[in-house]
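Chemist: I have a structure here, written as structure tokens, and I will follow up with some questions on it.
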Amino acid sequence: MNSSPTDYVSTVDSAMTFIIGVSLVFLIGIIITMIVFIVKFNRKKNVKPVDIHGNMLLETIWFLIPLFLVMVMFYYGSRGYGQFISVPENAFEINVVGRQWSWNFTYKNGKKTDTLYVPLDVPIKLSMVSADVNHSFYIPAYRIKEDVVFGKTSTLVFKPKKIGKYNVACAEYCGLNHSKMYTKIVVMPKDAFYNWYGDTLKNVSLN
């Protein structure tokens, strides 16, 4: 079984690893360069620095390296964004309402809960609205987050790959008890979810 709870984890983690790695390389490089300059151009050595003008090679390198790094970051970002907005035809839809300071979930059969129950290995589509102020639906373990803006329906798509319970939080400050706006997502085997959901699930494809 996949060790990651969703496919988003590897996508997001690889992007973050790349960005942090590039940042560390530049940080170390800048620090080393500063130390070299401090030693080389120490006032006691009486070395006079010389300005460089019109060096096309340096300017080209300085342009191409950042361009390459930014395009790689763009690739990672676009790949992850494509996963977020792509809704499979067989997605199991659940309506979500965020309000101060709770999450509520409504299923197609009318069942309502304050905990998100989903079946394993089934694409899930969350159609989310806010009942008051702006919120943000955030599942840290899944590396996914989507703003829930008042007056607008937001969509979040994911496919659970691992059975378990995971925290759901609000990542947008929404008032006094914002820090308490937590619930759980419970990923269940298909048979267990079928029994929990009820007979009306017979008309729903969980392939």
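The values are calculated or read from the model by the stated rules, or taken from the named source; none is laboratory data. Note that the structure is predicted; figures quoted are calculated from it, not measured. Glycine gets a Cβ as well: all are built from the backbone with ideal geometry, and neighbour counts include every protein chain shown.
Chemist: Give just the number: which of (1) outside any loop (DSSP other than H, G, I, E, B); (2) touching a strand residue (DSSP E or B) at 6+ places or on another chain (Cβ under 8 Å); (3) over 25 Å from Asn109 (Cα atoms) does Ser127 not satisfy?
Modeler: (3)
Chemist: In region 1-48, what residues are polar (S, T, N, Q), closer than 30 Å to Val187 by Cβ and either touching a Phe, Trp or Tyr at 6+ places or on another chain (Cβ under 8 Å) or loosely packed, with under 10 Cβ neighbours inside 10 Å (or both)?
Modeler: The answer is Ser3, Thr6, Thr11, Ser14.
Chemist: Right, another one. Do we have any residue at all in region 3-17 that's farther than 24 Å from Pro140 by Cα, at pLDDT 85 or above and either hydroxyl-bearing (Ser, Thr, Tyr) or assigned to a helix (DSSP H, G or I) (or both)?
Modeler: There is no residue in region 3-17 that is farther than 24 Å from Pro140 by Cα, at pLDDT 85 or above and either hydroxyl-bearing (Ser, Thr, Tyr) or assigned to a helix (DSSP H, G or I) (or both).
Chemist: Could you give me the residue pairs with C-beta distances under 6 Å whose first residue belongs to region 52-71 and is within 19 Å of Gly21 (Cβ to Cβ), whose second residue is of a type in the set (A, V, I, L, M, F, W, C) wherever it lies, and which are 6+ apart or on separate chains?
Modeler: Within 6 Å, the pairs are Leu69/Val22.
Chemist: What pairs can you find where one residue is in region 88-110 and among the hydroxyl-bearing types (Ser, Thr, Tyr), the other is in a strand (DSSP E or B), and their Cβ atoms are less than 7 Å apart, with a gap of 6+ or different chains?
Modeler: Correct list of pairs: Thr106/Asn95; Thr106/Lys112; Tyr107/Ile94.
Chemist: From Glu172, Glu146, which residue is of a type in the set (D, E, K, R), modelled with pLDDT under 95, in the same structural domain as Val97 (by TED's automatic domain parsing) and in a loop (DSSP other than H, G, I, E, B)? Full working, then the answer.
Modeler: Working: Glu146 fails: in a loop (DSSP other than H, G, I, E, B).
Unique residue meeting the criteria: Glu172.
Chemist: Which members of region 102-125 meet the condition of being surrounded by 18 or more Cβ atoms within 10 Å (Cβ to Cβ) and more than 20 Å from Pro5 (Cα to Cα)?
Modeler: Passing the criteria: Trp103, Phe105, Tyr107.
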